[in-house]
Each structure stands twice: as C-alpha cells, then as structure tokens.
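Here is the structure we will look at.
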Amino acid sequence: MTNATSYADAYGAWMRDPEAWWAEEAKGITWTRQPDKIFDKSMGAFGQWFAGGMMNTCYNCLDRHVEAGRGEQAALIYDSPMAGTVKTFSYSDLLDQTAHLAGALANLGVTKGDRVVIYMPMVPEAAIAMLAVARLGAIHSVVFGGFAAAELSTRIADAKPKVIVSASCGLEPGRVVKYKPLLDAAIALSPHKPDACLILQRPQAQAPLTPGRDHDYAEAVGAAAPRACVPVLATDPLYVLYTSGTTGRPKGVVRDNGGHAVVLWNSMKMIYGLDAGDVWWTASDVGWVVGHSYIVYAPLLRGCTSVMYEGKPVGTPDAGAFWRVIAQHKVKVLFTAPTAMRAIKQIDPEGKLTREHDLSSLEALYLAGERCDPPTGIWATELLGKPVVDHWWQTETGWPITAGFRQFGLFPFKPGSGGRPCPGYDLHALDDDGNVLPSGTTGNLSLRLPLPPGCGPTLWQNDEGYRTSYLSDFPGWYRSGDAGSVDADGDVWVMGRTDDIINVAGHRLSTGSMEEVLASHKDVAECAVIGAKDELKGQTPIGLVVLKAGANRVEAEVCAELVALVRERIGPVAAFKDARVVARLPKTRSGKILRASIRRIADGENAPVPPTIEDPTALDELRAVLGG
Ligand code: COA
Ligand code: AMP
C-alpha cells in the first residue's frame with residue numbers, strides 16, 4: 001500500500017507510473033496466482049487489470065482474516081430498528097454461514113460463472129448470499145427491494161440466473177412488503193426461468209413456497225456441507241449490477257474480481273482512513289453500488305467491522321436514529337447520502353437529538369449518491385464538529401472518482417465540491433467537441449482511458465453497448481454523464497447529469513423509463529417526465545401528459561392511474577407522485593420536447609425562450625400549470 005504522505009505525492013506517483021502504483025496496491029490482496037500483467041490493454045473495451053492473476057474475493061473478505069487469528073473480531077453488526085434486532089457476526093460466524101450457503105447453492109447446481117439473482121431486504125443473509133456466490137466463483141446480481149416485479153423481471157431476463165435468493169418480506173415503516181408475490185410475478189413475466197429459488201422466511205410474513213422450485217433458506221443451509229473457495233481469474237466477473245441508463249432498459253454494469261478487491265482494500269485506508277478492527281457504517285442498501293462496495297466488500301476486505309442498518313434516518317423511531325447507531329456501535333466513519341442528513345435536519349434542525357448520544361467515536365462523515373448542497377454540508381459540519389466529505393462516484397466506477405483522503409490529511413472544506421481525483425483517475429471537463437476546458441469552466445466530466453481497476457470493464461454481454469454509452473463520444477475518454485468543472489486548486493465541482501437520469505433521495509432513476517410507463521396508458525397521447533428540485537430528496541419526478549383527443553376523462557382520475565402505474569411497473573422507489581395534464585408540451589420546430597425548459601419552469605427559474613421553440617406561448621401555459 002502506498003506510503004505517500006501527501007495527496008500530491010500519491011497522485012504524482014500514480015501519474016508517473018500507473019502500473020507500478022497498482023502493482024504495489026495489489027500486494028494487499030491474497031492471490032493464488034500472481035497476475036501475468038498488471039494491465040493488459042488487448043483485453044476488453046479499454047483493457048483489463050491484473051490479467052492472468054487468480055484469487056477469490058470471498059477468501060479475501062473472510063477466510064484470510066480467520067486464518068490470521070482474527071476470527072473472533074466482529075465482521076458484521078446487523079442493527080434493525082424495523083425488526084427490533086441487533087446481532088453481531090464475528091468473522092468466524094460469517095465465514096461459517098457463507099460456506100454453508102455456498103454449499104446449499106452448489107447443491108442447487110450453481111458453479112463458477114453461473115448467475116444468481118439476489119432480491120432481498122437489508123438482512124445479513126443478503127450480504128452472506130453475495131459472499132457465498134463469490135465463494136463459488138459464480139456471479140451475483142442484486143436487485144434493490146424497492147423495485148417492482150417488472151423491473152426485477154427485466155433483470156432476470158438479462159442475467160439468466162440459475163438460482164434466485166430472496167426473502168419472504170421487507171420491512172418499511174408502517175408496512176410489511178411481501179417479496180414473494182413480486183418474485184413470482186417477475187418470474188412469470190421473464191422468458192428465462194431460474195431452476196430454483198431459496199426463500200428466507202422472516203417472522204413478519206411467511207411465504208408459501210412453490211413446490212419443485214422454491215426451497216426454504218434455513219433448511220437448505222442446514223442440510224448443506226460447507227464449500228471451499230473457488231479461485232477465479234482477476235478478470236472474471238464478480239457481479240452484474242443493473243443501473244438506470246438513458247433508455248427504459250437498465251444497464252448491467254459488470255464488476256471484475258481482482259481490480260475490485262485491490263481498489264476497495266486500498267480505499268478503506270487511503271480515502272476513509274480506516275484499518276482492520278475499525279467500525280464503519282454505510283447507511284445505504286445492498287441493492288445499490290454504495291451498498292455493494294461499502295456495506296459488504298470494502299470493509300470486509302480490509303478486516304473492519306461493518307454495520308448493516310435496516311431502518312431510516314427518521315421515524316425509526318426518531319431523527320436521532322443515526323446518532324444512536326453511531327454511539328451504540330462506536331462507529332468511526334459514517335457514509336450516507338446527503339438526503340439522509342436533510343431528512344434529519346428537517347425534523348431536528350438544531351440537532352438536539354445528538355446530545356442524547358455519545359458521538360465521541362465518530363471521526364468523519366462521508367456523503368455521496370448526489371451532490372451535497374452547501375447548506376446541508378455546512379449544517380452537518382457545524383453540528384458534528386467533525387469533517388464532512390462529499391465524494392463523487394457512480395455505479396460504473398464502483399469506487400470514488402473524487403474524494404477527500406484521510407490518509408493524507410483532508411483538503412480545506414469547500415462546501416459543494418466533491419474533492420479531488422483519486423489516484424487512478426485523470427479527470428477533465430471537456431467541451432462538446434472533446435477539447436479539455438480550462439480550469440473553472442463547466443463541461444462534460446470525463447476520464448482519460450484506461451479507467452483504473454475496479455471500474456466496470458463492460459456491460460453484461462454487451463461490449464458494444466458499453467462502447468456506445470461511454471467511450472464513443474470522446475475517443476480516448478470515458479464520458480461520465482455528469483457536468484462539472486475542475487477549479488484552479490484541482491477541486492472538482494459536479495453539478496448534474498447531462499442526460500435524463502435523475503437522482504431521487506440518492507437513488508438513480510431514468511425519466512425515460514417513467515415516460516415509457518406513462519406513454520403505455522391508453523389515454524395518453526404524449527408525455528414528458530422531468531426531475532424537479534426537492535428540498536428533501538434533491539430531485540423528484542414530475543410527469544406531464546397530453547391526453548388523446550376524445551379521451552374525455554376526469555383529469556384527476558387519469559393522474560391517479562398514472563401514479564399507480566409507475567408504482568406498479570417500476571416500484572415505490574421511483575417516488576412518482578405528481579402527474580399533471582397539459583394541453584400541449586413545449587417543443588422545437590423539429591418536434592423535440594424541450595425538457596430543459598420544462599425543468600427550469602418547474603424549479604421556478606427564469607426559463608429563456610429557446611430560439612428553436614415552435615411556439616413560445618407553450619411556455620406560458622406550462623408556467624400556469626406548474627406554478628412557476
Ligand atoms: N423495499 C420496498 N419499498 C421501499 C424500499 C425497499 N427496499 N426502499 C424504499 N421503499 C419505498 C418507501 O417505503 C417509499 O414508499 P412510499 O411511497 O409508500 O412511502 C418509497 O419507496 C420511496 O422511498 P424513499 O425515496 O426512500 O423515501 P422515504 O420517504 O421512504 O425516505 C429518506 C426518505 C430520505 C429518509 C430515504 O430516502 C433515505 O434514507 N435515503 C437515504 C439515501 C440512500 O440510502 N441512498 C442510497 C445511495 S447512497
Ligand atoms: P449511482 O450510479 O446510483 O451511484 O449514481 C451516480 C450518479 O449520482 C452520478 O453520475 C452523479 O450524477 C450522482 N452523484 C453521486 N455522487 C455524487 C456527488 N458526490 N456529487 C454529485 N453527484 C453525485
């Protein structure tokens with residue numbers, strides 16, 4: 001691991017010799033065969049890291065810590081105000097349960113390279129399932145529990161899993177979300193059917209099992225012999241994680257084993273300043289990339305204790321829930337989304353509830369998932385008296401692109417900035433022709449190829465889709481899809497997406513997929529969905545629809561049907577609650593809907609009249625509907 005003492009030294013060392021830098025970092029991982037090449041540019045869309053090397057990610061997360069004599073140390077603390085449970089798993093416990101689940105999956109025919117879909121709430125078995133799949137050299141694909149059956153079905157159809165691991169239910173405030181009907185509907189909708197399903201029965205709702213297909217998780221694990229780790233190539237996939245793209249079809253971001261383990265192991269120390277034995281908490285969900293990397297893999301690779309929290313920042317039971325968890329488990333660093341801080345701030349603006357808990361263990365707060373708005377960053381810094389670090393990344397990269405680095409001492413706090421590029425990323429803002437822009441000028445934030453280890457090397461069975469989505473606009477660069485700038489100090493300012501992806505409560509969603517749902521309603525002639533500013537969630541979707549001539553419907557009824565339809569097709573996580581009927585949508589003379597103008601009006605901003613607009617009065621009509 002790097003012994004650089006400053007950010008400038010570390011970044012400079014990486015810049016001078018990237019392969020030497022990553023060869024050094026790779027020493028943190030236990031390999032069964034050393035890589036033949038640190039970087040092989042002949043492989044994949046832009047090259048692949050650690051070609052020829054063999055290892056197992058689960059071994060690096062669990063077995064090696066137990067073999068090193070740290071089996072009794074806590075690996076995972078499951079804290080669920082929803083279920084009223086706190087349970088600690090030592091590294092030995094977690095290894096034992098993982099090896100047995102790997103045995104159960106192997107008994108169902110799962111072998112190296114097979115896919116296993118995991119559709120689970122925030123229970124320890126979700127993390128155990130990910131690790132068990134990795135143990136067998138198979139490939140997991142976790143689907144967030146807030147997605148509806150149709151979204152789950154799309155992912156099943158694309159990943160073609162041999163087995164699905166699920167649970168009887170998830171727990172949301174005030175309701176038990178039954179997973180089994182959603183799973184059954186998703187399998188019925190998918191052209192691909194899994195051979196088997198393993199169902200974890202939770203006491204809050206028992207699920208009827210489908211004979212011949214479903215197996216009880218506890219029984220299957222109880223009857224299975226433990227399985228050893230299967231070594232895989234560093235370049236073999238560890239998982240596929242579907243994320244919103246610009247079309248209705250989600251993108252299956254592939255993560256490989258070797259590079260992922262190397263960068264995550266390194267990031268725990270370099271970025272977050274933690275090492276083996278330290279307690280770390282990521283308040284997110286295993287269904288998102290943040291949960292994959294920082295609830296499960298990174299802390300376990302490093303030998304830390306990871307807190308897994310099934311609850312909300314507010315209401316479970318109050319806005320002091322986060323402070324209670326920090327105090328109870330002596331959390332050193334918390335990682336969450338700014339929206340969680342905004343939720344707490346809304347209810348307890350003076351932070352009175354912090355005084356009821358001993359927060360002396362906390363050393364820093366890291367935020368990601370969306371830009372941290374300066375008022376929230378300043379509020380959290382003043383309240384906690386600890387550094388608050390915003391850092392920017394994406395499902396595609398799997399680890400931060402920009403950050404503050406506790407190993408080197410944090411940069412001066414600049415509210416609204418996402419920090420500086422991590423060693424591994426050569427980041428610039430480009431103009432639309434691909435020219436590097438001077439510092440301080442906003443453009444397309446892009447990364448010079450090759451991307452560092454850990455970044456998705458391709459999309460699942462879709463190399464061409466990867467190239468057209470990210471690499472073809474600016475040859476030699478990866479286009480992030482975010483707009484922003486790099487200032488004279490090297491600090492990066494990420495200001496928003498350049499496509500139709502929106503960020504609702506830190507959840508990445510595609511307005512295009514919501515438009516597809518609205519357009520499928522029998523009375524809708526055309527529609528547009530935009531992300532409008534929201535005090536709590538950062539953005540919230542608003543759908544504008546034009547009804548078919550002669551639809552002759554009560555507008556409020558159609559709107560209610562549209563809200564229900566998005567919830568049914570995409571899921572509650574879309575948080576789509578606002579549909580409005582308009583007489584027409586503002587368009588260019590060539591018929592393109594002016595979404596940017598609609599968004600500005602919804603945000604109450606001054607929307608200049610675009611020169612290409614067909615009829616400027618359409619904007620005035622919209623102002624009347626949106627109240628802007
Ligand atoms: N399973 C089923 N439903 C789920 C779900 C899950 N795993 N997760 C969320 N939902 C539902 C919620 O119950 C809610 O349903 P409702 O419309 O019936 O109220 C809906 O999806 C929207 O959820 P959410 O956007 O999370 O809103 P919320 O009002 O429940 O909570 C916050 C708001 C800010 C408290 C919450 O979003 C939060 O804690 N965010 C943290 C951000 C985060 O973890 N980001 C991940 C990336 S770092
Ligand atoms: P996801 O793939 O779900 O992690 O979402 C990635 C997107 O979220 C990025 O492309 C950004 O648009 C946004 N994002 C994540 N973290 C930040 C951040 N710290 N600052 C600004 N935007 C962010």
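Rounded, prolate or oblate, given the Cα gyration tensor of the range 144-245, with a/c below 1.5 counting as rounded?
Oblate, since a/c reaches 1.5 and b/c is not below a/b.
If amide hydrogens are placed 1.01 Å from N in the peptide plane, which non-local residues have theirs closer than 5 Å to the one on THR305?
Here GLY277, ASP278, VAL279, TRP280 satisfy the definition.
Give the order of ARG175, ARG569 when sorted by the count of other beta carbons within 10 angstrom, beginning with the fewest.
Ascending Cβ contact count within 10 Å gives the list ARG175, ARG569.
Using the beta-carbon distance between ARG175 and LYS37 and R0 = 51 Å, what value does 1/(1 + (r/R0)^6) give for FRET efficiency, to the nearest 0.05?
0.45
Taking amide H positions as placed in the peptide plane 1.01 Å from N, state which residues far from VAL143 in sequence (5 or more) or on other chains have amide H under 5 Å from it.
Sorted by chain and number, the residues that satisfy this are ILE118, TYR119, MET120.
I need the per residue convex hull volume for the range 250-299, using only the alpha carbons, in cubic angstrom as a whole number.
Taking only Cα atoms, the range 250-299 has a hull volume of 83 Å³ per residue.
Of LYS251/LYS587; LYS312/LYS332; LYS414/LYS537, which sit over 27 Å apart, Cα to Cα?
Correct reply: LYS251/LYS587.
Provide the net charge surrounding ALA23, with neighbours chosen by a C-beta distance below 11 Å and charges set as Lys +1, Arg +1, Asp -1, Glu -1.
Charge balance in the 11 Å sphere: -2.
Give me the percent relative contact order of the chain, please, defined on Cα pairs under 8 angstrom at least 6 residues apart.
In percent, rounded to a whole number, it is 12.
To make sure I understand, if each residue's beta carbon is the centre and we count other beta carbons within 10 Å, what order do THR458, THR111, THR57, THR402 fall in, fewest to most?
Arranged by neighbour count, lowest to highest, THR458, THR111, THR57, THR402 become THR111, THR458, THR402, THR57.
For the range 580-628, compute Rh as the Kirkwood radius over C-alpha pairs and then the Stokes-Einstein diffusion coefficient at 20 °C and 1.002 mPa s; write the answer in µm²/s, rounded to an integer.
The Stokes-Einstein estimate is 202 µm²/s.
Taking the convex hull of the Cα atoms, report for the chain its projected area averaged over all directions, in nm².
Value for the chain: 27.5 nm².
Given the C-alpha centroids of the range 255-297 and the range 17-33, what is the distance between them in whole angstrom?
Measuring centre to centre over Cα atoms gives 17 Å.
Obtain the nm distance between the two label points defined at GLU557 and THR30 by a simple spin-label model: each point lies 7 Å from its Cα along the Cα-to-C-beta direction.
It is 6.6 nm.
Return the calculated 222 nm mean residue ellipticity for the chain, to the nearest 500 deg cm²/dmol, obtained by summing -39500 (n - 2.57) across DSSP H runs with n ≥ 4 and dividing by the residue count.
-8000 deg cm²/dmol
Using amide H atoms built 1.01 Å from N in the peptide plane, name the residues 5+ places from ASP534, or on other chains, whose amide H lies under 5 Å from its own.
GLN539, THR540
Using the Cα atoms of the range 505-626, I'd like the radius of gyration and the largest Cα-Cα distance, Dmax, both in angstrom.
14.1, 40
Counting other beta carbons within 10 Å of each residue's own, what order do SER90, SER520 fall into, fewest first?
Ascending Cβ contact count within 10 Å gives the list SER520, SER90.
Let's test the formula: R0 of 41 Å, r as the Cβ-Cβ distance of ALA157 and VAL609. What FRET efficiency results, to the nearest 0.05?
Taking R0 as 41 Å, the efficiency between ALA157 and VAL609 is 0.40.
Kyte-Doolittle mean at least -0.5 and Cα extent at least 20 Å along the axis: which DSSP H helices of the chain qualify?
Span-like helices here: 91-107, 555-569.
Would you kindly compute the Cα radius of gyration of the range 372-514 and its largest Cα-Cα separation (Dmax), both in Å?
When restricted to Cα atoms, the range 372-514 yields Rg and Dmax of 15.7, 48 Å.
Read-outs throughout are calculated quantities, based only on the coordinates presented, and are distinct from any laboratory measurement. No experiment lies behind these values; they were computed from the predicted model shown. We place every Cβ from the backbone using ideal geometry, glycine too, and count neighbours over all the protein chains shown.
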